[in-house]
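What follows is a set of notes on a single structure, which appears directly below.
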């Protein structure tokens, strides 16, 4: 009986060692995959500031800056333009399609864009007015720490 117990202990020990080695190999792999997914999601995001122009039906060129924040599939931020600043009240980002919803002077507005690299282009509409819009991502500027120049 004692010999059988010793054999079982040896068999259990022989099984534990490969399982431990396998676990030690899989943990770093899982961490690396999770970090890659995080980087891919950040790269796929449209977060940031975009600057460019829009035109209205009267063919007036309007300077536009979009400050976009994407979180959990929804969009928020601010539209800065020659005609004022407007809050982004909703929207979505799926693949290369970006839709923004905003309110301008009591009118509901929509911007429908396609992304190509660091550019967003498409159309906007609010009330009776609409037109094309094209913006390019602006590089983030680093803030100078206080007391340093």
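The table below gives the values:
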| read-out | value |
| --- | --- |
| Pairwise FRET efficiency - residue 108 versus residue 51, Cβ, R0 = 41 Å, nearest 0.05 | 0.95 |
| Chain lengthening between residue 97 and residue 116 when straightened (0.36 nm per residue, less Cα-Cα) | 5.9 nm |
| Residue 60-residue 139 pseudo-label distance in nm [points 7 Å out on the Cα-to-Cβ vector] | 3.4 |
| Rel. contact order, % - alpha carbon contacts under 8 angstrom, at least six apart, region 45-138 | 25 |
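Computed from the coordinates by the stated procedures, all read-outs in this text should not be read as laboratory data. Just so you know, these numbers come straight off a predicted model, no measurement behind them. Virtual Cβ from ideal backbone geometry, glycine too; neighbours counted across all protein chains shown.
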